[in-house]
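These notes are about the structure you will find just below.
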Amino acid sequence: MAKKQNYNIKTILTFIIPSLIGLLLFMTPISYQNAITIPIAIISKGLQAFLGDFLTAIVTAIVCLTAIASVITKRLKPAFITQQHFLNSLLNVSAMWVIIRVIGAAFILLTFAQIGPEAIRSSNTGALVLNDLLPVLFCVFIFAGMLLPLLLNFGLLELFGTLLTKLMRPVFNLPGRSAIDCMASWLGDGSVGILMTSKQYESRFYTQREAAVIGTTFSAVSITFSLVVISQVKLEHMFVPFYLTVCFAGIMAAIIVPKLPPLSWKKDIYIDETPRHADDEMIPAGKSVFSWGLEQALERASKAGGLKHTLNDGMKNVIDMVFGVIPVVMAIGTLALIVAEHTPIFDYLGMPFIPLLELLQVPEATAASKTIVVGFADMFLPSILASSIQSDMTRFIIAAMSVTQLIYMSEVGALLIGSKIPVNILELFVVFILRTLVTLPIIAGIAHLIF
């Protein structure tokens, strides 16, 4: 009984107030300028409008600064960086990441100054990433990163994780706590879910199979980013049916894809190669699921730390997203757009999908086929390429498809490969194709009902 003495009124309010504010900001749909959106997206748009033309200069400076700091850290290993765990993990990265950051800096400088090869800086390649994508990402990352601790640190996810244990194990053969990773991705950012999954894999909460499945299946695209995608294809007034379609197709893929190779081949052993222990998700005798979940939530809230700790966590999230992700999006996004615009590679890779799209009676099937595989490079590319397609239905299908494919190399794929989660680039591509084959007929079927 001693434990319960922690749960005084202060602890209960520490759980309730930040969690409610987090739910309000990240999950409450509201009508704004004739479209359904969430408060965090409105605040982000406000910052974008306020900063205006300065935004491209700010992101250019950030990408160049990240590249310079990464090169200096790699070559000179200054003590003030290497001895700080956070700065060291941000800047002391592998040679491959340094190269990607340097490429991102080169691309963004050429694009910002409008010099050098047209293929890099044109309005369909580098300029599109710099002017259209990065300002949106920057503003979303600032607020989503800063406010994410409201959801993660005060017990809300512990409560939901316990409540969802009864769902996760029978339906997905995963621990209940994996629902927390999924929700962190869904509410915040896919990268947050992957970081959580990787840390829990390293701490022996997940086996190799569970970590690979959660990383490739439950690092769902956030509500906020889904909003960016549907806005890009000029269908933001359809956000609610779009997001419900994405959720349904995503759940179907989460049930089917892990039962197929390569994910089904992963071993149920921990990082140290010990076998999975008997399920420790049992709810203690005499407790209901809700009372146990609430106890876990209050326990988390009692250890949450004060305002300073929460702000510190939020700042780390922002720096990690802005300096860690934006340079990668610039490098890989631009490279992928150059390949998509100036080579026929994605056209060839998309050709096998033309008969499938025609079978599903998708209008403008040939144009749509070009967008299907390009999503492996970056999730935003299909909706960029789709914006010239006339049919609303086809644009809807492509936007939903790009979000449910989930594995894209400019962020999720790159993070998975950089983490300890046991997957390689070939396995990621196979999972990407399997997710496409599972979700495309579902999304097309729903689109035929809507349009």
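Atom-type composition of the exposed protein surface of the chain places 68 percent of the accessible area on carbon and sulfur (1.4 angstrom probe). Taking amide H positions as modeled 1.01 Å from N, with prolines and chain starts lacking one, the residues under 5 Å from residue 269 and 5 or more places away or on another chain are 208, 209.
Of interest is the spacing of the C-alpha centroids, which for the stretch 320-339 and the stretch 211-286 amounts to 23 Å. Taking amide H as placed 1.01 Å from N in the peptide plane, the amide H of residue 409 sits under 5 Å from that of 377, 378, each at least 5 places away or on another chain. How far apart, in nm, are two points set 7 Å out from the Cα along the Cα-to-Cβ line at residue 27 and at residue 166? Taking the simple label geometry, residue 27 and residue 166 are separated by 1.8 nm.
Please work out whether the stretch 80-144 counts as rounded, prolate or oblate from its C-alpha gyration tensor, where a ≥ b ≥ c are the square roots of the eigenvalues and a/c under 1.5 means rounded, while otherwise a/b larger than b/c means prolate and anything else oblate? If you can, show how the numbers build up before the last one.
Values: a/c = 3.30, a/b = 1.60, b/c = 2.06.
Oblate.
On the basis of the beta-carbon distance and an R0 of 41 Å, residue 287 and residue 95 show a calculated FRET efficiency of 0.20. Taking amide hydrogens as placed 1.01 Å from N in the peptide plane, the amide H of residue 32 sits under 5 Å from those of 37, each at least 5 positions away in sequence or on another chain.
Note that the stretch 123-132 has calculated 3J(HN,Hα) couplings of 5, 9, 10, x, 5, 5, 5, 5, 8, 9 Hz, one per residue in order, obtained from phi through the Karplus relation 6.51 cos²θ - 1.76 cosθ + 1.60 (θ = phi - 60°); glycine and proline are x. A Förster radius of 60 Å combined with the Cβ-Cβ distance from residue 76 to residue 247 puts the calculated FRET efficiency at roughly 0.80. Derived scalar couplings between HN and Hα for the stretch 194-210 equal 5, 4, 5, 4, 4, 5, 6, 5, 5, 8, 6, 8, 10, 7, 4, 5, 4 Hz in order, rounded to whole Hz, by the Karplus curve 6.51 cos²θ - 1.76 cosθ + 1.60 (θ = phi - 60°), x for Gly and Pro. When all protein chains stay in place and ligands, DNA and RNA are ignored, the 1.4 Å accessible-area order of 196, 401, largest first, is 196, 401. Counting every alpha-carbon pair across the stretch 399-440, the share separated by more than 14 Å comes to 45%. Per-residue packing, averaged as other Cβ atoms within 10 Å, sorts the ranges 373-380, 200-207, 102-109 into the order 373-380, 102-109, 200-207, beginning with the highest.
Restricting to DSSP H runs of at least four residues, report the calculated mean residue ellipticity at 222 nm for the chain, -39500 (n - 2.57) per run over all residues, nearest 500 deg cm²/dmol.
Numbers: 25 runs with 307 residues, N = 451.
Theoretical 222 nm ellipticity from helices: -21500 deg cm²/dmol.
For the chain, the Cβ-based charge dipole about the Cα centre amounts to some 1060 debye (Lys, Arg positive; Asp, Glu negative; other atoms uncharged). You can think of it this way: the chain between residue 276 and residue 354 has 23.8 nm of extra reach, that is 0.36 nm per residue less the Cα-Cα gap. Per-residue Karplus couplings for the stretch 19-31, computed as 6.51 cos²θ - 1.76 cosθ + 1.60 with θ equal to phi - 60°, are listed in order as 5, 5, 4, x, 4, 4, 6, 9, 10, 8, x, 9, 8 Hz, Gly and Pro entered as x.
The values are calculated or read from the model by the stated rules, or taken from the named source; none is laboratory data. Quick caveat, the model's predicted, so the values are computed rather than measured. Every residue, glycine as well, gets a Cβ built from its backbone with ideal geometry; the counts of neighbours run over all protein chains shown. Calculation scope for accessible area: heavy atoms of the full protein, side chains included, ligands and nucleic acids excluded. Shrake-Rupley method; radii C 1.70, N 1.55, O 1.52, S 1.80 Å.
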